[in-house]
Number of protein chains: 2
Amino acid sequence: RYFHFCKLPGRVTGIRLLRFTSVVIIVLLLVAGALTALLPNIKDDKMPNLRREPKPQSQSALDSFTLIMQTYNRTDLLLKLLNHYQAIPHLHKVIVVWNNIGEKIPEEMWNSLGPHPVPVVFKVQTVNRMRNRLQNFPELETKAVLMMDDDTLVSAHDLAFAFSVWQQFPEHIVGFVPRKHISTPSGVYSYGSFELQNPGFGNGDQYSMVLIGAAFFHSGYLQDFQRQPEAVYALIDETQNCDDIAMNFLVAKHTGKPSGVFVKPVDIRNLEKDTNSGYSGMWHRAEHLLQRSYCVNKLVNIYDGMPLKYSNIMISQFGFPNYANHKNKM
Amino acid sequence: RYFHFCKLPGRVTGIRLLRFTSVVIIVLLLVAGALTALLPNIKDDKMPNLRREPKPQSQSALDSFTLIMQTYNRTDLLLKLLNHYQAIPHLHKVIVVWNNIGEKIPEEMWNSLGPHPVPVVFKVQTVNRMRNRLQNFPELETKAVLMMDDDTLVSAHDLAFAFSVWQQFPEHIVGFVPRKHISTPSGVYSYGSFELQNPGFGNGDQYSMVLIGAAFFHSGYLQDFQRQPEAVYALIDETQNCDDIAMNFLVAKHTGKPSGVFVKPVDIRNLEKDTNSGYSGMWHRAEHLLQRSYCVNKLVNIYDGMPLKYSNIMISQFGFPNYANHKNKM
């Protein structure tokens, strides 16, 4: 490419002038390109994914969200949940991540029972991986992702409110299940919930993660997840766990703020017992929690630091269920 | 730099090379300048006052706040409240806006009862104006302002938590008293609280203002307040009311978001009855509320539109007063 600028004849001719100008112009374009390429990054510090819109999006795609639900060994529950969630306000599409390798998807039966309010796409996977749900699915057209475990039922009201909260804090994971890490004198981190108390932390509790098994987050973070160190993927695959912890690390690193915003759910239920498969989730494994502490420490090594920050903010809906929820002694 | 990619033609002299390169470099600088000039504006759209820091600030000034309390005809309450508030965590300084025109400030007595944890500055006013408290006081060194009415007691715990909330949402008014406007079929706005319901709004309530009589906000907004249309000052002075509504308009215009974040107070009290002056606040005037609806409509005319946006977010402290506050049915 450069050579054709370079073979300049000795004498200054109109041609050379022309070449000269074209060089300048091309250099301009290169520089402009280079510099404008920086702009998104600068915005990235704040809320990158809001800015860059890879795909053209319909208005509805902007005011709505995509439900991503990964399923394994609980097709009966899946169908129950699909029926429940398909009626949520602002739902644009459902993406089912089908981890039942080699098993036929229930699309036929689903369609035979149509019509349905929103399209449901079954994404057949070739390997049963925890992180399959964290792909940047081409069918994903909305900024907002609602990710739900396939055994969790959250009331439509809670989801509608949480979505409105996410729209105000789109760079955060907005969800219903808070968790935290604590550091110990040995410098080793431990993972847990309300049973853990930060040494020297006073009234109240804190959280440093919001689990993505029942949360809204920005689809841009699924793009970012594809650009993580190999060691992160290896850790998640090795444990078949911790993909949600990794996402909290990613978001915290990205924003420099607490990764999550906890919305207090009015009604959230675990339906695991309702499945006929008798399958019980990974989190029943004896090593589950230990693995998660292990993952926190591994991720700190991989990312060369602890990006997670604490929050003690709990959001509820003003005036709901009743006005009493915001009465005070005044 | 480009030339080394290609065989240099024999006749290109150093001079021409120099001229050529310098042109390219200058063009580069121009483009770079033009493009980088855009960056600050992009940030400004988000949170300008966080960026521009007029005064050099000590670390403590960044992690702390200034209490601004305007007082009129309730010096006994003032001293009670000063004693209460001087012990709040993160308090940097207290600025008392002294609206008792011609009356001696209690500085001597205050000092005689010292030492006190933080400095208290009495700002003697020449006219008793509601908006005196909205000056850009030179003594104000912190980003964060806590503004309190002189008859309102908020627990230290509520204040410490609300300050931590403000640090996460510094472009908002973070406070304990939510209010709202509603639009009526006639196009006229009405001001009120939970007794007003938005036509057609479903479950729960909404607010579009957070009163600054018990709230944290960014000191940059006091700078912005000095640059409002004269009609705004005239309206506030004419009514001796509505300075807080004007601030909510200002913030909403500035952010394009809801002006306030409501923190549910655990303990807030009105001490008005405790004053010996027998003075009862402006808000007891029969016309008080009518005036506030009047102000909303006036401000809509002055600003040529309604900037206030609704929020239904209510923030409480996670795990306080007890863990039960975030238990759910899961």
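Take the range A:193-213 and flag every residue that is open to solvent by less than 50 Å² (accessible area, probe 1.4 Å) and aromatic (Phe, Trp, Tyr).
A:207
Specify which of the listed residues (B:253, B:257) is among the charged types (D, E, K, R), under 21 Å from the mean Cα position of the chain (by Cα), farther than 25 Å from residue B:61 by Cβ and modelled with pLDDT under 95.
Working: B:253 fails: modelled with pLDDT under 95.
Exactly one of B:253, B:257 is among the charged types (D, E, K, R), under 21 Å from the mean Cα position of the chain (by Cα), farther than 25 Å from residue B:61 by Cβ and modelled with pLDDT under 95, namely B:257.
Considering the range A:147-168 alone, what residues qualify as being surrounded by 22 or more Cβ atoms within 10 Å (Cβ to Cβ) and assigned to a loop (DSSP other than H, G, I, E, B)?
The answer is A:149, A:150, A:151.
Quick one: what pairs do we get from the range B:107-120, first residue under 17 Å from residue B:97 (Cα atoms), second modelled with pLDDT of 95 or more and surrounded by 14 or more Cβ atoms within 10 Å (Cβ to Cβ), C-beta under 6 Å, 6+ apart or different chains?
Cβ pairs passing all conditions: B:107/B:122; B:118/B:91; B:118/B:93; B:119/B:93; B:120/B:94.
Suppose the filter is open to solvent by 20 Å² or more (accessible area, probe 1.4 Å) and either among the hydrophobic types (A, V, I, L, M, F, W, C) or in contact with a Cys (Cβ under 8 Å, 6 or more places away or on another chain) (or both); does residue A:95 pass it? Steps first, answer last, please.
Details: open to solvent by 20 Å² or more (accessible area, probe 1.4 Å): no; either among the hydrophobic types (A, V, I, L, M, F, W, C) or in contact with a Cys (Cβ under 8 Å, 6 or more places away or on another chain) (or both): yes.
Answer is no for this residue.
If I filter the range A:249-257 for residues that are surrounded by 19 or more Cβ atoms within 10 Å (Cβ to Cβ) and among the aromatic types (Phe, Trp, Tyr), do I get at least one hit?
Yes: the range A:249-257 contains one or more residues that are surrounded by 19 or more Cβ atoms within 10 Å (Cβ to Cβ) and among the aromatic types (Phe, Trp, Tyr).
Just the residues that are within 21 Å of residue B:164 (Cα to Cα), more than 7 Å from chain A (Cβ to nearest Cβ) and either open to solvent by less than 50 Å² (accessible area, probe 1.4 Å) or modelled with pLDDT under 65 (or both), please, taken from the range B:306-324. Give the steps one after another, and end with the answer.
Pass one, the range B:306-324, residues within 21 Å of residue B:164 (Cα to Cα): B:311-323.
In the following step, the residues that additionally are more than 7 Å from chain A (Cβ to nearest Cβ) were identified as B:311, B:321-322.
B:311, B:322, listed by residue number.
Would you pick out the residues in the range A:214-242 that are touching a Ser or Thr at 6+ places or on another chain (Cβ under 8 Å) and open to solvent by 10 Å² or more (accessible area, probe 1.4 Å)? Steps first, please.
Residues of the range A:214-242 that are touching a Ser or Thr at 6+ places or on another chain (Cβ under 8 Å), as a first pass: A:214, A:219.
A:219 - this is the single residue of the range A:214-242 that is touching a Ser or Thr at 6+ places or on another chain (Cβ under 8 Å) and open to solvent by 10 Å² or more (accessible area, probe 1.4 Å).
Based on what the data block shows, is residue B:81 in contact (Cβ under 8 Å) with a residue 60 or more places away in the chain, of a type outside the set (Phe, Trp, Tyr), crowded, with 17+ Cβ neighbours inside 10 Å and assigned to a strand (DSSP E or B)?
Details: in contact (Cβ under 8 Å) with a residue 60 or more places away in the chain: yes; of a type outside the set (Phe, Trp, Tyr): yes; crowded, with 17+ Cβ neighbours inside 10 Å: yes; assigned to a strand (DSSP E or B): no.
So residue B:81 fails the test.
Please give the strands (runs of 3 or more DSSP E) falling wholly within the range B:241-330 in which 2 or more residues are among the aliphatic types (A, V, I, L, M). Spell out how you get there, then give the answer.
Working: elements: B:260-263, B:268-270, B:313-317.
Of the strands (runs of 3 or more DSSP E) lying wholly inside the range B:241-330, those with at least 2 residues that are among the aliphatic types (A, V, I, L, M) span B:260-263, B:313-317.
The values are calculated or read from the model by the stated rules, or taken from the named source; none is laboratory data. None of the values given here were measured: they were computed from a predicted structure. All Cβ positions, even for glycine, are placed from backbone atoms using ideal geometry, and neighbour counts span all protein chains on display. These accessible areas exclude ligands, DNA and RNA; they are computed on the full protein's heavy atoms, side chains included. Shrake-Rupley method; radii C 1.70, N 1.55, O 1.52, S 1.80 Å.
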